[in-house]
Every structure is written in C-alpha cells, then in structure tokens.
Number of protein chains: 2
Amino acid sequence: MSETPDWLNNMAEIVGPKGFTRAAEDMQPWLTDWRGRYTGKAHALVSPASTAEVSAIVKIAHAHSVALVPQGGNSGMVGGATPDSKGQSVLLSLRRMNRIREISAGSQLTVCDAGVILQNLHAALDEHGQRFPLTLGGKGSATIGGLVSTNAGGTQVLRHGTMRALVAGLEAVLPDGSIYDGLAPLKKDNRGYDLKQLLVGGEGTLGIVTAATLKTVPALIDRCVAWAGVSSPQAAYKLFQFLNARESQSLEGFEIIPKSCLDAVLTHIPDTRAPLEPAAPWNVLIEIIRDQSDSIDPRELTESLLAKAMDKGLISDAAIAANESQAEAFWKIRDSISEAERADGPALQHDISVPVAQMADFITEAGAKIEARFPGTEVAAFGHMGDGNVHFHVKAPPGTSGPQDWMSQSAQVISPMVHDLVIASNGSISAEHGIGQTKRDELGRLSSDARMLTLRAIKTAIDPKNIMNPGKLVPLASNTPAS
Amino acid sequence: MSETPDWLNNMAEIVGPKGFTRAAEDMQPWLTDWRGRYTGKAHALVSPASTAEVSAIVKIAHAHSVALVPQGGNSGMVGGATPDSKGQSVLLSLRRMNRIREISAGSQLTVCDAGVILQNLHAALDEHGQRFPLTLGGKGSATIGGLVSTNAGGTQVLRHGTMRALVAGLEAVLPDGSIYDGLAPLKKDNRGYDLKQLLVGGEGTLGIVTAATLKTVPALIDRCVAWAGVSSPQAAYKLFQFLNARESQSLEGFEIIPKSCLDAVLTHIPDTRAPLEPAAPWNVLIEIIRDQSDSIDPRELTESLLAKAMDKGLISDAAIAANESQAEAFWKIRDSISEAERADGPALQHDISVPVAQMADFITEAGAKIEARFPGTEVAAFGHMGDGNVHFHVKAPPGTSGPQDWMSQSAQVISPMVHDLVIASNGSISAEHGIGQTKRDELGRLSSDARMLTLRAIKTAIDPKNIMNPGKLVPLASNTPAS
C-alpha cells in the first residue's frame, strides 16, 4: 500500500475508523461491478455517516482535485459505480447513511438517506400501510441514492413512472462541497431550472445524492395476476391499449414474453410450468391491483376484462392465477428469463426504448433485420411493453464455441446495429440501466451535436474540475476510453 | 426609425414581409406585458413560421450577439416576455407557428407547434374525444410554447400535474441555432441529463421551444361540482385528505376560498349568489369528474363522499350543483376573485407554495404575522390548496388614499416579509407564475449559494453570450436591475 497522502488522512479523520479503509480485502468486493465486467482501483473506500461528512469529504476532494466515485449497493448494470484502473480516485460509499428520516402516511411522503436499501424501505413502509411503488431484481442491495442517480425503472413504471416521477425532493452535495437542500416536497415550484431533475439520472456526475423525499402510495389490498396468449407483439399492443383505456388506474403490470423465453425458463428453471397449453407464440403477464378499499375486486375486474378481450379476439387464451402462490409462479417465469437465457447460451443484451406505439413493429422488424444480417442468431425481446421498453437480446447461433469470444466480437458489430435501428426509430439506447461506462462511447456516437454539446456544457459548468464520477455518462473530449 | 442593420435585413429576408415589422403601431401591443407593469423597446418584431426559420434567426442573433426575447401570447404574469428599455433586442414571436402537427387519440399524444393557442388545442382535441388537462384564465391567448417555458399550472394540477408532467417530448432551438429534436415520446430514456426538464420552466433563457409532444387524457363524460363550508384552513386540509385518500383519481379540483373573498365577489361581480346560507368562514370548491364510461357517476360519488364528510364533522354544510349551469356559477365565484378584489381596493399579490401538509398553518400563521406587522391590512389566501399553492394577497387598509403609492411602497416592505415567511416554511416564492423580471432580484436574495451558483453555471454554460431572454429569471452579476 502506498503512503497515505495528507488529504486522505484528513478524509479518514472526518469519517473515523468505521468509515475508512485502504485494506485490499475490504475494498475488493466494491471494486468490481456486479456483472463482473469492470474492475477498478481506488486510493481508499470512504464511507461517511452523514450529509455533513459527505460535504466535508467533497470539499477536500475539490481542493485537491481528487476524483470521487459514489457507490450505493453496487448493483448497477453499466459499470457506473466502478472506478477506473488508475487508482487515483476515492470510492465513496453511501451505505452507512441508511436512516429513514421520516415516514408520513398522511402526506404519502417519506424522507430517507441515500444509503437506505430498497427492500428495507419497502418493509418499513408496509408497517405504515404505505408502499413505494418501484421494485427490481436488486432490491436487496440497491440503495435509494443509486436508484435516484440512475433514474431506476422496473415493472411498475407503467402506472407509477420511473424514479423521476417518485422523487418529491432531493438533498445533494455539489462538486464544491456545498449542500443543496431541496428536500421540501413542493408540488409547485417555478424558481427556474429544476436542479433535482439534473441529479435524477445524473449518475453521480454532477453531485452526490445524500437524501430524498419520496412519494408513496397506499399499500396493496390485493392483486390479480393473469397470463394471456396472443399471436404477435402487435396483438399484445392492442391488448395493452384495450386494458389501459379501461383500467389505467389499476393496471400495474403488462409484460410481454415470447414463446422462446418461456421455453428457456421451463427448460432451465426448476419448479416452473407453462401457464397455458398449448403455449401461444407471444405471452402477456398482466397484474391488476386494488389499493383503495371501495374499488372493485381485482379478480372480478380481470375476469371481466379478459372475457371481453377474448370476445374481441384480442387474446387466444388466458389463465388467471387462482391464488397468491400461483401469482408468484407466473411472476417467477418473467423474473427468471435472464437466468434461463444464461443457461441456454450466450446472448447480447440491449436495454432499449422506442415510442410505445412503435414498439410492436420495432420488435418484429428490427428482430428480422438482425437475424438476417447475422445468420443463426435469434432475437428475444421481452419486458415492459406498456412503457415502450424491452430487453432486446440477441442469442448466439446454437453450438457457438467460445461464448466469451462470440460475446466480445458481437458486441462490436451486433450491438451497434441494434442501436442504429433504435435511433432510426427515435428511441433510446438506454431505457432504464443508464450509460455508465458501458454505453458512454455509443452515446457519443449516436447523439446529435445539440444534445452532446449541451450534456458537456452542463457537466463542465457544474463540475469544472471533473471530480464527480469522471469517465461516466458524458463522453468528454478528455475521457480515456472505458477499459 | 433607425437605419436597419445588415443582420436585421437578413432576419427580415428569412421570415418574409408577413413575419417582420419595425412599425411602432404593429409592435406596440407586444412591448408591454399584459398586467401593464413593464414596457420595453425592440429593434423589430420577428415572427418565424417554422422551426427552420427560428433556427436561422437564432444563428444570426448568435453571430451578432443580439438578444432575443421570445414571446407567445404575451399573457405571462412576471414580465418574462417583455424586452428591456434599451431597444437592443429582437422580439421573437412564435405566434405564427400555430399548427397542430398530429393528434393521436390511441396513444393519447398530441404534437403541436409552440404558437398553438391553448383554447384552440382544447377545441381540436375535443373532436378526437381527448382533453389536454391544463387550463387557466389566459387560455384564449396563452400559447403552448409559453406554457411549457413557464411550466404553467392552473386548477387541474391536483390530478394531472403542471406542464412538466404533461410534456412527453420537446423540440427547441438552442442558443447557437442548432435544433434539439426531443419530440419522440419516450416513457423511459436514461441517456443522461434530461434537457427537456431544463427547457420546461426555463422561461426562454436556455433556448426557444418550437414544438412539444403533449400527453392527453380522455374527454370528460361528466363532472360534479360542489361547494362545502368549513371552519378553517386546517379543516379544509382534513377534508382534502379525506377526499384524496378515497378518490384521488376523480378529484380534479379542490380550491379554498375565505369568506372575505366570497363577499368581495358577491359585492362586485354581477349575477353571483352565495352557494350556502349562512356563509361559512372558509369554503371549498370541489370538482369530481368521470372520464371512463364504466366508472361511478360523479354526482352519486360526490353525494356519498360529502355525506360521509358531514358525518365525520369535516364540513359544516355543502351544496352540490344541480346542473352544469350551477356548476359554472360555482366556478365563476372562484374565477372572479381577482377581479372582485381589484374593485375592492389595492392588494399585493403573491404566488407562493409550501409543502401541502404545511399550507393550512402557513395561511393562519403568516397571515396573522403580516396583519400584526402592517396594521389595517387584511390577508386573503385562496386557491389550490391540494397543491400547497395559494394566492396570498395582502389588501391595503380600508380607505387607503393613493392606491398606486401604497402598492409601490408596500411592495418594498410587505412582499419581502411574505417571501421571508415562505422561505422559512421551505416554500417557493414562485409556485406557478415564474420569475421573469418581477421576482428575479428576490430570487437572488432568497436562494442559497448552492442553488444560485448552479443556476448561473447552467445559464452561462448553455447560453454563454447571454442572448436568450437576458435579464429574466437568473440574477447574473452583470444584470442591470429590472426597470
């Protein structure tokens, strides 16, 4: 270990021994992203316990031009919380700041520190008859600060929006160490540029989110989960429009699943079974919820809606979960797709969006183009169709030898083509995972000058020393390529 | 008229004779804000007819460092669309860009030019069974571009949010003349800082909004309007919580009105009558709507809710409008308060917000402090309580002579005290009207360094020549005081 510079000793003093380590074994788990694609180095792992400590750390970093890499649960998908390999930055963990400051069921607002783990927030709110309507696979480690900084999504965006829609107020430490106190939940505030909106989805490149005021909704009373078979993505979209026009306020899930994904799950994941026999070419997982005591029973509602959909020829068949364990079994299929696919063979993943009304055609047309251009590949698109966002996976030809080689070679040719097709459809190459390291150069390649100059101007203006998570998100001229 | 410089001739060529004038009589109506507080001068009134023309105009302005003052319907409340008195800027009207580009009822999205007048949009959508759920007094002149740039509010924010929540995509011309094409309505897009969010509420200081993709909702099937009497703002808030917990999806209006405002309306506005006898000290106007055919009749719902509220002692009395003309009569009372107040005598107006749960106490406590500090004044707070936003008016002592003198003197002492009280309650000195010229210096006085440095950094980075609506919103060090 190199000698500790004075500024680093100063940081150590601020956070105390519980919040400071340079020991390799302590730092190691946090220096590789959870998908295992990036491994970095850092001077130290510094874990402040309060906003004041974060502010003091940032002031030192600012004075000495030291890069800070903020990190929550280290469960991001694009390497946004992993330092580069030069070892000149400080890894700043927010995990010790794990206090829920206030829960107000009456106002439907909760104030919590950046390091609160999503699953813990869910549990705490449940005791107050409230619910935070955002969840995702990494809920056991993902923190509020990370979810804010990546504008996280998930399966409930359809009704409740992404993190951006759920943040009523923010507290953050800006690059000079000053504290931005915007926690007050003002429904209306026209005092100029909304700084909160820059920090949400800012990936820690403009400041460090230290706390958030979050909107909550009433706890679920009950839900009904159904599985419907349809003939095509276009038919799935028609079903979505039918349901959404009638029940936008109780339709909380609408996920599409092609037969190939279902088959992979049935093959590789224990204790799964097909909801419908025979299986349809495309499937839709529907969740209808009730969270107000005087509204209609979700099971009755689902039965009535699906009966009408059947009459109209919108679906070929449907199964309604008879109880909660069957509901969970349906969701397990959806949630196991990625795992099943890994067992099936290598696949390049793309987290993309296009305007909702264009998604069905995009799946069909872009899928056909990719399969034609790269013979033997198979496209599997599944997920949040009601948000215009699917996971667009391109599977390697069967029997491909050297899966890692195929992955790294294909990432250079297939992914750019997928992204080009997305841009041609006015879509986004990152619907919910963010840019981080993984997509930074693609963002630069595919953005208009107007967008890119503006992103750079904002980054440079607010963080002129480029100490806030450098190398992430914004393709600055001075960035070294992501390694 | 001074000789026309070459760059101005170039602008004239771009827009043609229909879009260019330097004649005093043509320009005069647009050089004074509609409240009559500010009158400015300009080189010319330039009215482009397309986004390409706006881009070409801005490129010339950028090359010659000429200030541009964008203007829609000239119905703003804070002088944000009025040039300064130096006459060195160009007034850029978007009113000729008045085309609704596309209405899609199926996707519930509409794309329209910046110059489309709100009332015309309402009418066009009505023919498609859709509704744009934002309206305000100036709807006959206010344009979409102005509403976006000021993040407009109104009485439907409670359920549908401000303009920010209704904008699905934006097109704008940036200060160098480049076109930012962000019209695609992506529900999920995590490609970094959301430029759209800066332009919404940016008051034309970062770019010129040329078009927007707007979210629409189903047309109203029917509505029920009711008037309830309550004892205090605190009681009104309890009633709000009661209704909102049960019917947040159909509660579209919740406005509070003190008896003094009602009395002023009954005195000064013809054809108005008290909804309740005897009048309550505080009143609440409630609107419950139905926009889906299979949901409950709003009249039945309102009757049932108000009966329960009466049982619980939340209201003292209530009247439910028997028909649409009575519903309009109730709304007329609400909408006539400002006019009645003007007839009553001088009053200083403040457009303020605090967290919703704190508004009742704010009204009571801040009102008492102002009345104690300025004997003879009377505070009237009315409006959007469910949004934590009221119009906080301070009326002159009865019999005040020289109302204009009282207004200008009091604006120097009473308004700062109101604003100080708002800030002490973590509120905003501009809930919905914006900052413009009127509140720019107060914004500077009352903002934290963190907020102010960030606002300035963003403005300077995106508009380094300060040609975009200079002197508005951001208190730059180089600003001359608003005249």
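The values are calculated or read from the model by the stated rules, or taken from the named source; none is laboratory data. Treat the numbers as computed from the prediction; the structure is a model and nothing was measured. Note that we place each Cβ from the backbone using ideal geometry, even for glycine, and neighbour counts take in every protein chain shown.
Scanning segment B:335-348 for residues that are over 20 Å from B:Arg131 (Cβ atoms) and in a helix (DSSP H, G or I) returns B:Ile337, B:Ser338, B:Glu339, B:Ala340, B:Glu341, B:Arg342, B:Ala343, B:Asp344. Mind listing whichever residues of segment A:342-377 are within 14 Å of another protein chain (Cβ to nearest Cβ) and surrounded by fewer than 20 Cβ atoms within 10 Å (Cβ to Cβ)? If the condition is that a residue be within 14 Å of another protein chain (Cβ to nearest Cβ) and surrounded by fewer than 20 Cβ atoms within 10 Å (Cβ to Cβ), then A:Ala357, A:Gln358, A:Asp361 are the ones that fit. Is at least one residue of segment B:265-284 closer than 30 Å to B:Thr216 by Cα and either outside the structural domain of B:Ala380 (by TED's automatic domain parsing) or touching a residue at least 12 places away in the same chain (Cβ under 8 Å) (or both)? Yes, the conditions are met somewhere in segment B:265-284.
All of A:Gln130, A:Gln88 fail the test of being in contact (Cβ under 8 Å) with a residue 40 or more places away in the chain, out of contact with any helix residue (DSSP H, G or I) (no Cβ under 6 Å at 6 or more places or on another chain) and farther than 30 Å from A:Asp441 by Cα, apart from A:Gln130.
Count of segment B:201-250 residues, restricted to those that are among the β-branched types (Val, Ile, Thr) and within 30 Å of B:Ala56 (Cβ to Cβ), is 5. For segment B:101-136, filtering for residues that are within 14 Å of chain A (Cβ to nearest Cβ), under 19 Å from B:Asn74 (Cα atoms) and surrounded by fewer than 22 Cβ atoms within 10 Å (Cβ to Cβ) leaves 1. For segment B:378-385, the criterion of being in a helix (DSSP H, G or I), more than 22 Å from A:Ser178 (Cβ to Cβ) and more than 13 Å from every other protein chain (Cβ to nearest Cβ) is met by no residue. Looking for something crowded, with 23+ Cβ neighbours inside 10 Å and facing another protein chain (nearest Cβ under 8 Å) - is there at least one such residue anywhere in segment A:211-221? For segment A:211-221, residues crowded, with 23+ Cβ neighbours inside 10 Å and facing another protein chain (nearest Cβ under 8 Å): absent.
Would a scan of segment A:201-210 turn up a residue that is assigned to a strand (DSSP E or B) and at the interface with another protein chain (Cβ under 9 Å from one of its Cβ atoms)? No, every residue in segment A:201-210 fails to be assigned to a strand (DSSP E or B) and at the interface with another protein chain (Cβ under 9 Å from one of its Cβ atoms). In segment A:224-246, the qualifying residues are those that are more than 30 Å from B:Ala219 (Cβ to Cβ) and surrounded by fewer than 24 Cβ atoms within 10 Å (Cβ to Cβ), and the one that is nearest to the other protein chains (Cβ to nearest Cβ) is A:Ser232.
Checking B:Gln292, B:Gln249 one by one, the residue that is in contact with a helix residue (DSSP H, G or I) (Cβ under 7 Å, 6 or more places away or on another chain) and of a type in the set (S, T, N, Q) is B:Gln292 and no other. Scanning segment A:211-242 for residues that are closer than 23 Å to A:Glu300 by Cβ and assigned to a strand (DSSP E or B) gives A:Val217, A:Pro218, A:Asp222, A:Arg223, A:Cys224, A:Val225, A:Ala226, A:Trp227, A:Ala228, A:Gly229, A:Val230. A residue that is touching a Phe, Trp or Tyr at 6+ places or on another chain (Cβ under 7 Å) and buried (at least 22 other Cβ atoms within 10 Å of the Cβ) can be found somewhere in segment B:261-271. Within the span defined as segment B:416-428, one or more residues are crowded, with 21+ Cβ neighbours inside 10 Å, touching an Asp or Glu at 6+ places or on another chain (Cβ under 7 Å) and hydroxyl-bearing (Ser, Thr, Tyr).
Among the residues of this structure, B:Ser428 counts as one that is within 11 Å of chain A (Cβ to nearest Cβ), under 22 Å from the mean Cα position of the chain (by Cα) and within 19 Å of A:Leu199 (Cβ to Cβ). If you go through segment B:457-475 and keep only what is more than 22 Å from B:Met77 (Cβ to Cβ) and either at the interface with chain A (Cβ under 7 Å from one of its Cβ atoms) or buried (at least 17 other Cβ atoms within 10 Å of the Cβ) (or both), you end up with B:Ala457, B:Ile458, B:Thr460, B:Ala461, B:Ile462, B:Asp463, B:Asn466, B:Ile467.
Being under 20 Å from B:Pro175 (Cα atoms) and within 14 Å of chain A (Cβ to nearest Cβ) holds for only one residue in B:Val54, B:Val90, and it is B:Val54. Selection of segment A:90-104 for residues being under 24 Å from the mean Cα position of the chain (by Cα), under 20 Å from A:Arg22 (Cα atoms) and in a strand (DSSP E or B) yields A:Leu91, A:Leu92, A:Ser93.
For segment A:275-318, filtering for residues that are at pLDDT below 95, in a loop (DSSP other than H, G, I, E, B), in contact with a strand residue (DSSP E or B) (Cβ under 8 Å, 6 or more places away or on another chain) and under 20 Å from B:Asp294 (Cβ atoms) leaves 4. Considering each residue of segment B:177-196 in turn, at least one proves to be touching a residue at least 24 places away in the same chain (Cβ under 8 Å), over 25 Å from A:His350 (Cβ atoms) and more than 7 Å from chain A (Cβ to nearest Cβ).
Listed by position, the helices (runs of 4 or more DSSP H) enclosed by segment A:105-182 that each have at least 1 residues that are over 20 Å from A:Asp291 (Cβ atoms) and not polar (S, T, N, Q) are A:144-149, A:163-166. Of the residues making up segment A:105-124, those that are of a type in the set (S, T, N, Q) and in contact (Cβ under 8 Å) with a residue 60 or more places away in the chain are A:Ser107, A:Gln108, A:Thr110. Scanning segment A:348-363 for residues that are of a type in the set (Ser, Thr, Tyr) and more than 23 Å from A:Arg159 (Cα to Cα) turns up nothing.
So that you can scan it fast, the table gives a plain yes or no per residue for (1) at positive phi; (2) in contact with a strand residue (DSSP E or B) (Cβ under 7 Å, 6 or more places away or on another chain); (3) in contact (Cβ under 8 Å) with a residue 40 or more places away in the chain:
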| position | (1), (2), (3) |
| --- | --- |
| A:Leu198 | no, no, yes |
| A:Glu203 | yes, no, yes |
| A:Ile208 | no, yes, yes |
| A:Arg223 | no, yes, yes |
| A:Trp227 | no, yes, yes |
| A:Val230 | no, yes, yes |
| A:Leu239 | no, yes, yes |
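Scanning segment B:443-455 for residues that are within 23 Å of the chain's Cα centre (by Cα) and within 10 Å of chain A (Cβ to nearest Cβ) yields B:Leu443, B:Leu446, B:Ser447, B:Arg451, B:Met452, B:Leu455.
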